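The values are calculated or read from the model by the stated rules, or taken from the named source; none is laboratory data. Note that the structure is a prediction, hence the values are computed from the model and not measured. Here Cβ is always computed from backbone atoms with ideal geometry, including for glycine, and neighbour counts include all displayed protein chains.
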Amino acid sequence: MILGFAVNGENENGLQFFYETENRGPKPNAVTFIGGQMACNRKCLINGAWRLFGRVSKGYGTAPTSEHCGSMVDLLVGLDKSKNDP
């Protein structure tokens, strides 16, 4: 659901659904976090994306995967491009 919202431009709904899932259950897994990161990436919410990235390992005891790292790289590259656009 979260990925679906993010891919279709419903980023706020995706993030809201992520936080509701986190509060009510079930416990987020690696894919849930990727969905949350994608929703942040589509809105250029760098602080939110970093928070989610850190919580993968600190809050839920799982190591970030290459997909989590790639999502952060995508966000950072996108921000750099936007700064250099005229």
Open item on the list: Which count do you get for residues in the stretch 31-47 that are modelled with pLDDT under 85 and either exposed (fewer than 15 other Cβ atoms within 10 Å of the Cβ) or in contact with a Cys (Cβ under 8 Å, 6 or more places away or on another chain) (or both)?
Closed with: 2
Open item on the list: Anything in the stretch 1-19 that is in a helix (DSSP H, G or I) and touching a helix residue (DSSP H, G or I) at 6+ places or on another chain (Cβ under 6 Å)? List them, or say none.
Closed with: I2, L3, F5, A6, N11, N13, G14, L15, F17, F18
Open item on the list: Going residue by residue through the stretch 27-43, is there one that turns out to be part of a helix (DSSP H, G or I) and farther than 26 Å from V77 by Cα?
Closed with: no
